[in-house]
Amino acid sequence: MCGIVGAIAAREVSAILLEGQRRLEYRGYDSAGMAVFDGQELNRLRRAGKVQQLADALGSDPLHGHLGIAHTRWATHGQPNERNAHPHMSGERLAVVHNGIIENYATFKAELKDKGYVFTSDTDTEVIAHLLSEALKLESDLYAAFRQVINQLEGAFALGVIHADYPELLLCARKGSPLVIGVGMGENFIGSDPLALLQVTDRFIYLNEGDTACVSREQIEVRNARGEVQALDIKRYEHGTQSADKGQYKHYMLKEIFEQPGVIQATLNGRVGKGEINTQLFGDSAQQLMDSVQAVQIIACGTSYHAGMVARYWIEELAGIPCQVEIASEYRYRKTITLPNTLFVTISQSGETADTLAALRVAKERGALASLAICNVPGSSLVRESDLCLMTQAGPEIGVASTKAFTTQLSALMVLTLSLAKTRGLDSTLEAELTDALTTLPAKVEEVLALSQRVEQLATHFADKQHSLFLGRGALYPIALEGALKLKEISYIHAEAYPAGELKHGPLALVDSEMPVITVAPGNELLEKLKSNMQEVRARGGELYVFADQHAGIEDQEGYHILHLPKIHPLLEPILYTVPLQLLSYYVAVIRGTDVDQPRNLAKSVTVE
């Protein structure tokens with residue numbers, strides 16, 4: 001969840017480190033700092049708050065040198081203040097940056113205090129620095145001492161270490177938290193995300209679980225958890241760097257909402273042809289495996305979980321096989337029954353979500369037939385640890401509140417559904433109908449985006465609201481959940497979502513003139529029942545904000561605020577109806593003056609439990 005950047009080069013590195021921190025701001029953080037070796041001393045500068053505050057401090061007190069590490073911190077142990085900001089040091093010669101949580105730090109802290117070490121922070125990270133100092137009393141090889149310390153740590157972590165007595169080395173490690181090595185010419189870098197390093201290189205080594213690395217200007221030595229030297233491939237970054245630029249837009253989130261027609265098209269390209277799904281989607285060797293699937297288990301968190309909930313409706317309706325959907329943090333800690341020949345599907349934008357990765361590893365132990373990752377990051381841990389993958393082609397998503405990642409996940413899940421259904425005798429007429437509808441989907445999304453000014457007008461009604469209720473039925477219920485999540489994430493309005501049929505079973509007690517009720521109302525077979533639910537709201541004085549099919553017969557009247565959407569195939573309604581809810585949450589947040597791209601307390605990639 002935090003951000004690591006490190007560099008060893010012939011040139012000054014502080015500007016590289018600072019730019020890397022700026023590029024990691026989207027991940028969510030509360031403080032920033034860096035340490036740079038100037039040839040004689042290891043100098044450190046830290047600030048609570050935004051990276052800009054660190055940049056201002058560097059303006060008056062610059063750090064010079066060719067070796068350094070930097071960090072943006074999201075607080076886990078200790079308050080978000082300068083005292084707890086990274087890097088953390090042991091003495092004046094050793095600095096450490098750390099993402100993750102060290103579960104056994106308290107035991108080490110007590111032992112180190114007994115040995116005379118003084119702790120200046122409340123973090124678990126400082127333990128690592130002192131443990132390494134202690135190890136160096138018996139081991140003169142910094143990398144060997146570092147690996148000894150790593151073997152003692154329990155929990156999840158990514159680490160970067162520099163030592164003034166070893167000015168030609170930059171050390172790093174990963175266990176349960178992502179870390180990459182950026183490969184340059186006569187210089188090398190480390191980062192918790194390739195985006196942090198695209199300013200200096202587009203070539204990366206993706207460390208595997210349990211790997212450590214010793215990095216110099218000219219060499220990179222990687223060892224696995226058993227200490228064996230590894231030869232890992234250098235891979236070029238696949239997304240265009242322009243995707244990480246706001247361009248003409250005020251916020252990344254708005255830019256990413258408007259990118260959806262293009263990225264949905266990119267996700268469908270080569271997978272959906274004229275009237276049929278590409279049967280070679282997963283490769284020849286995977287076809288027999290797909291034929292064997294008798295059940296699907298979907299695991300995800302947050303927005304990705306909502307995508308999985310939609311997919312359950314699709315898979316059971318079109319493929320005719322049972323599908324279970326569960327939040328990763330729940331699945332991994334309960335005893336489950338794995339049905340025979342279960343395809344285990346994980347969904348994650350980053351591919352580094354800690355609970356989802358842990359659930360995948362648990363599923364392998366429990367005997368799933370195969371695993372498939374739906375993900376946006378090609379070199380991520382989830383992709384590398386899964387048997388199959390279906391990339392979403394969303395490009396970098398910087399805004400913490402997921403938008404284009406969600407709609408591309410839904411697009412990929414429909415492709416997966418059609419693939420499973422086709423192996424089970426999907427009617428060719430229905431296949432042609434759905435694939436044709438998918439080809440028109442980007443244009444339909446464009447039509448919805450053209451309504452953004454109307455959505456902005458609706459958003460003004462929410463400026464002074466503190467609570468809201470979202471309703472949907474069938475596969476639109478997960479979309480109501482997603483709409484509520486978006487509104488609460490970035491506007492800080494309390495929002496709940498329910499299946500509309502549950503309204504009279506409790507939520508109706510909340511409805512009054514101050515409780516806006518947002519309803520998604522496509523023209524499907526549940527429309528008439530949904531209209532009855534809306535009447536229940538109006539009878540209690542509730543104000544309705546309805547996103548409705550243009551042919552649904554729902555017109556503006558007292559207490560109704562209607563936005564008519566274009567007609568689309570009923571099975572694709574969840575994708576289309578997501579877009580106006582994204583726009584609504586965005587414009588409400590702008591009106592309320594919140595930090596749209598970096599909402600409080602949240603992080604983009606949740607790499608800790």
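Would you work out if region 171-313 is rounded, prolate or oblate? Take a ≥ b ≥ c from the square roots of the eigenvalues of the alpha-carbon gyration tensor; rounded if a/c is under 1.5, else prolate when a/b is larger than b/c, oblate otherwise. Taking the square roots of the gyration eigenvalues as a ≥ b ≥ c, region 171-313 is oblate. List residues of region 149-169, by number, whose backbone nitrogen lies under 20 Å from a label position 7 Å along Cα→C-beta of D38. Residues passing the 20 Å test: 162-169. Its alpha carbons give region 366-513 an Rg and a Dmax of 19.0, 53 Å. Taking the DSSP beta bridges with both ends in the chain, the antiparallel portion is around 60 percent. Relative intensity of region 61-136 on a log10 scale, I(q)/I(0) at q = 0.12, 0.13 Å⁻¹, equals -0.33, -0.39, per a Debye sum over C-alpha point scatterers of equal strength in the absence of solvent. The calculated FRET efficiency for the pair K137 and I337, based on their C-beta separation and a Förster distance of 60 Å, comes to about 0.70. Listed by chain and number, the lysines placed with their C-alpha closer than 17 angstrom to that of K529 are K504; residues fewer than eight positions away on the same chain are left out. Over the chain, DSSP H runs of length four or greater, each weighted -39,500 (n - 2.57), average out per residue to a 222 nm ellipticity of -10500 deg cm²/dmol.
Here the label points at K113 and R424, each 7 Å from Cα along the C-beta direction, are separated by 5.9 nm in the simple model. Placing one equal scatterer on every Cα of region 483-602 and applying the Debye formula, the log10 ratio I(q)/I(0) at q = 0.19 Å⁻¹ is -1.10. Computed over the Cα atoms of region 313-436, the ratio of the radius of gyration to the Kirkwood radius (Rg/Rh) comes to 0.97. Which translational diffusion coefficient, to the nearest whole µm²/s, is obtained for the chain from the Stokes-Einstein equation, given a Kirkwood hydrodynamic radius over C-alpha pairs, 10 °C and 1.306 mPa s? D, rounded to a whole number, is 62 µm²/s. Compactness of region 426-475 is given as radius of gyration and Dmax, 17.3, 51 Å, from Cα positions.
Among the DSSP helices (H) of the chain, those spanning at least 20 angstrom by Cα along their long axis with an average Kyte-Doolittle hydropathy of -0.5 or more are 404-422, 428-449, 477-491, 573-592; this is a geometric and hydropathy rule only. Using 0.36 nm per residue of separation minus the Cα-Cα distance, give me the extension gain between H551 and E330 in nm, one decimal. Between H551 and E330, full extension yields an extra 75.5 nm. If you take all other residues with their beta carbon under 14 Å from the beta carbon of A164, and give Lys and Arg +1 and Asp and Glu -1, the sum is -3. Pairs from the list K246/K404; K115/K137; K465/K486; K50/K488; K175/K335; K422/K567 with a Cα-Cα gap above 19 Å: K50/K488; K175/K335; K422/K567.
We did not get these values from a lab; they are worked out from the coordinates using the rules stated. Keep in mind that what you see is a predicted model, and the values were worked out from it rather than measured. For neighbour counting, all protein chains shown are included, and Cβ atoms are generated from backbone atoms with ideal geometry for every residue, glycine included.
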